[in-house]
Amino acid sequence: MADPDGQVIVGLEVHCQLDTKSKLFCGCSTDYRSDGPNTHVCPICLGLPGAMPALNKRAIEYAMKVAKALNCEILNESEFSRKNYFYPDLDKAYQITQYDKPLAEGGYLEIESDEGGEKKIRLTRIHVEEDPGRLVHMGNVERGKYSLVDYNRAGIPLIEIVSEPDMRSPKEARRFLNKLRATLEYLSVFDSEKEGSLRVDANISIKGSERVEVKNITSYKGVEKALTFEVTRQRNLIRRGQKIERETRHYLEARGVTQAGRSKEQEHDYRYFPEPDLRPLRVKSWLDGIVLPELPDARRERFMKEYGCSLNHARTLTGELKLANFFEKVVASDKAGLSPLASTWIADTLIGELNYRDMSLEKVEPAAMTSLVLLLKAGTITDKSGVEVLRVMLDQRQKGEAAETPDAIVKRLNLAKTVGDTGAITKAIDDAINENPKALEDYRNGEAKAINFLVGQVMKKTRGKADPGELNRLLIEALKKREA
Amino acid sequence: MSGEISFSPNDKYNAFLTTCKKAPHGSGKLAGVAVAIKDNISTKDIETTCASKILKGYVPPYNAHVIDLLKAEGAAIVGKTNMDEFGMGTTTENSGFGPTLNPCDTTRVPGGSSGGSAAAIAGGMVTMALGSDTGGSIRCPAAFCGIVGLKPSYGRVSRYGLIAYSNSLEQIGPMGKTVADVSKLMGVIAGYDRHDSTSRDKPYNHTPNAEIKGLKIGIPQEFFGEGVNPQVADVVRKAIGRLEELGATTVPCSIPSMEYALAAYYVTCTCEASSNLARFDGVRYGPAPDWRKSWHDAYQEVRSEAFGTEVRRRIMLGTFALSSGYYGRYYSKAQVARENVRADFNRIFADVDVIAGPTMPTVAFKLKEKSDPLSMYLADILTVPANLAGIPSISVPCGTSEGMPVGLQIMGRMFEDERVVDVAYAYEQEVN
Amino acid sequence: MVSEKDVQHIAELADVGISPDQLGTFTHQFNAILEYFDILDRVEGQGAVAHDLINILREDEVEPSLPHDDVLRNAPAKEDGFIKAPRVM
């Protein structure tokens, strides 16, 4: 019997839309998302009788850039094939894709493993294909009366990146995707912010059992969720002594569960054959002309060396192109001086606050962040006030209100540190001790916790403006006086 | 120069599916010339059906590249001609809208699949027309109706807008009363088109030249052997004799790959067709599906009702031949066979300039004479080799047998369309 | 040899349907044709398809799409700019 606690084995097939101007086989614009249905179509992507495909050169160049960045081998000759199946969103009733002669094979992507080190995930292949259109089901899929079709998406260029089953947990799968996304963005071939620009099918098994294919995962978080659900489901089946069926399941994003597909899907025969309207590609020599930009791993190393970032901070900061660029802009005026504070404040605090608000980094100007870091560095405000200033900044920008500079916020809210104003602090300390006789008694009995409690009380009274070092010194002085 | 011509022919032969009573024209090499178009070539704002009920009412929103070229040279598009549904047939009896009759004898078929175009010319309704040739569909009706038809080298004429039956085999080509007409029409439609990735930058700027002294003609034994009507073979041999009188010499040769060429042809075209014709589902165009049914059931119903028997047969053959487990045995083998056919032609063309023989093994069949599909397929045996190899081939009338026209077929080296035109022209000039 | 059941199955795969009264004749003719195709077993050689045309590509330039009316013009049914299709199940 299979072991319910056996190793999890995951492989991914990732479809990414390439960010070209025109579609893969016709001149229709790819910029369709804000327009009505069927407004970006022509005889070719509508599958009108007699229309013929004409291959977009940039799509091949982009795919080759990806292949080079992922260390793949470009095949001497590749070709397009027809994958035949019937579905109303498939305009020609076949998808032009690559089958036995893909553009590239092999390669790998390095991710952080669950054990903490770096780990290579091997790739099987990369091929180029066209996206189908989009179906809108009217009412319930089962009982709805009809479907509506929009062919605007039909013919958008996709690359499919197929990995070997080298991931060992849903978390690793998530990291693979994040790393892949970062790499594609660094290459300027992909825009992850476009809705539906990335779709994933995952193969998952528990060692010793059949594998299950999970289709239709459309978000980065979805991959981890869908796979975590599958791991639990499969382990439970094994525990109950049942067999895992080799099958295709669909991920239902809204419910966070996977559901068995219909049996008909299991028996697809796609009847591939070479697309007779396109000629083969022999593009291996183009590789020499492709100059890769700095990729996430190289940038991570540079961030550690050049800015003294910790491994974790460097990983976070370079894990997204926009974030890495943002960081470099923030510290540009004084790399050595600003980097230590900026890396913590961006990688930890800012990211946390943005995620909490579901807010995009683009709304924050690097210059404002630089000002905030400068205030912290100069000791003008405490860390606590720094967080408050940041929150005000983000709120204003999210709500589209007039954005104040950090200096203006500090001034308006009177957050400047009360350095030297020992009177105010001394008064707050006296008040805190007087209001909490129990704490004083605890202190007298030698309980160190009491000091922390009183620090908190004083902080509250000074609204965080007190310098923690100074506060500590004054508090202990005051307590010692009262001991006497 | 631009204007309009009236076109209201007395179409006794059912040559046309659509006629344009007032056909506008411009100026240019074909100014005011009435040209009929096979109904599988897309014409903007003119119904284009491929003679199939599944495309009844379909009005393309765009022109095939050749139509733009014709219009740019002033031609008047006067109508769309009947054909075997989607080009699948050798008689034009497989039309969803009734057969076309042979103007030479209305009890006989005009050949196919471009039977409407051939009948429109033979019946005197137009002097030139476009057809398409996947396995003989221009040359067969040209031979059966006593007119001239050229299948160009693969890639010389853009296929953009030609409703695909078998992409790797077919070409649009000119048909006409005379070789000069065919040559003139070829001059207008040939040339590079960026919309067709198989297109070649080989424009045709040629005036036929009847001088063929010193020409070497290969005579393949397979074109005069079993299955070829002896009287037809005789007529063609005599015609080749006339070419010898004009100074050509003949060399016997053999095309061993013809043993399996027809099988390779039918495997290839049915495979490609099964995929090409899958898009006809009644969603973007075509007859409305039954909304009460689910997609799959509605799709199947539309297709089983609107496709004719032969079309369904070929879709099924192709579906079978491409299915897993059979691909290697059929499709792959057929592609190897094609390479062997090409190699045979290359070998022969190292020694000779053109290859000549009958276009069809017989004269035009009686209507409904060929009811068995396989025996119908066998009639294409002499025309499919040129499609498999991609080489140019022309059929020119060369006499009669049983009172019916016989076609002389002349095949040439890849992209030497000019030469096959010249040989046909030399023959035509000699006999007229 | 393919059986009537096989032919029925192929008709399903190809979504062309076949009526019970046609099935017998169809199967008979189908087998005759397949038998003729058997001659391909005799084909020798590995001749990979020789393409002298390679790398046929176009530049990534946007060209006008079809006017919306032309897109919908041939569709039997449409709704709010969409093309209507039977329910999928």
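Here is how the numbers come out for the structure above:
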item	result
Taking chain C and dividing mean pair separation by its residue count, relative contact order in percent (alpha carbons under 8 Å, at least six apart)	18
Amide H contacts under 5 Å for B:E4, placed H, 5+ residues apart	B:H25
All Cα pairs of segment A:247-368, percent lying beyond 21 Å	62
Whole-number percent relative contact order across segment A:422-483, with pairs defined as alpha carbons under 8 Å at least 6 apart	42
Mean ellipticity per residue at 222 nm, deg cm²/dmol - from DSSP H runs of n ≥ 4 across chain A, formula -39500 (n - 2.57)	-12000 deg cm²/dmol
Average partner coverage of A:93-103, which counts Cβ from other chains inside 10 Å	1
Nearest 10 degrees, 0 to 90: helix A:383-399 Cα axis against chain A principal axis	40
Cβ-based net charge around B:Y327, under 11 Å, with every Lys or Arg adding one and every Asp or Glu removing one	+1
For segment B:386-395, 3J(HN,Hα) per residue [Karplus equation, 6.51 cos²θ - 1.76 cosθ + 1.60, θ = phi - 60°, Hz, x = Gly/Pro]	5, 5, 4, 8, x, 7, x, 8, 10, 10
Cα gyration tensor of segment A:185-305 - equivalent ellipsoid semi-axes, whole Å, descending	35, 25, 15
Calculated SAXS-style log₁₀ I(q)/I(0) at q = 0.19, 0.24, 0.28 Å⁻¹ - segment A:152-219, Debye, Cα scatterers	-0.87, -1.25, -1.52
Cα shape, chain A, gyration tensor, a/c 1.5 rule	prolate
Binned Cα-Cα distance frequencies in the protein assembly as shown - 20 Å width, integer %	12, 35, 27, 15, 7, 3, 0
Rounded to whole Hz, the Karplus (6.51, -1.76, 1.60) HN-Hα couplings of segment B:29-36, x for glycine and proline	4, 10, 3, x, 7, 6, 10, 9
Listed pairs A:K23/A:K65; A:K119/A:K243; B:K38/C:K84; A:K92/C:K84; A:K377/A:K460 exceeding 20 Å between Cα atoms	A:K119/A:K243; B:K38/C:K84; A:K377/A:K460
Geometric extent, Cα atoms of chain B - Rg, Dmax (angstrom)	20.3, 71
Low-density loop positions, GluC sites (Glu not before Pro), segment A:356-431 - DSSP coil, at most 13 other Cβ in 10 Å	A:E401
Whole-Hz ³J(HN,Hα) from phi, Karplus 6.51 cos²θ - 1.76 cosθ + 1.60, for segment B:122-138, glycine and proline x	4, x, x, 7, 9, 9, 8, 7, 9, x, 9, 10, 9, x, x, 5, 9
GluC sites (Glu not before Pro) restricted to DSSP loop in segment B:1-93 with at most 16 other C-beta within 10 Å	B:E47
Whole-Å distance, taken between Cα centres, linking segment A:349-378 and segment C:5-66	61
Ascending count of other beta-carbon atoms within 10 Å, so fewest first, for B:F86, C:F37	C:F37, B:F86
Per-residue average of Cβ from other chains inside 10 Å of B:257-266	3
Charge sum, other residues only, whose C-beta stays under 14 Å from B:D234's C-beta, Lys/Arg counted +1 and Asp/Glu -1	+2
Number of partner chain Cβ atoms within 10 Å, mean per residue of B:175-188	0
Cleavage-rule hits, GluC sites (Glu not before Pro), segment B:325-432, DSSP coil, Cβ neighbours within 10 Å at most 16	B:E369, B:E402
Rel. contact order, % - alpha carbon contacts under 8 angstrom, at least six apart, segment A:296-412	20
Local net charge near A:D166, Cβ-Cβ under 9 Å (Lys/Arg +1, Asp/Glu -1)	+2
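A short reminder: the numbers here are calculations on the coordinates, not readings from a lab. Nothing here was measured: the structure is a model prediction, and the numbers come from that model. Don't worry about glycine lacking a Cβ; one is built from the backbone with ideal geometry, like all the others, and counts go over all protein chains shown.
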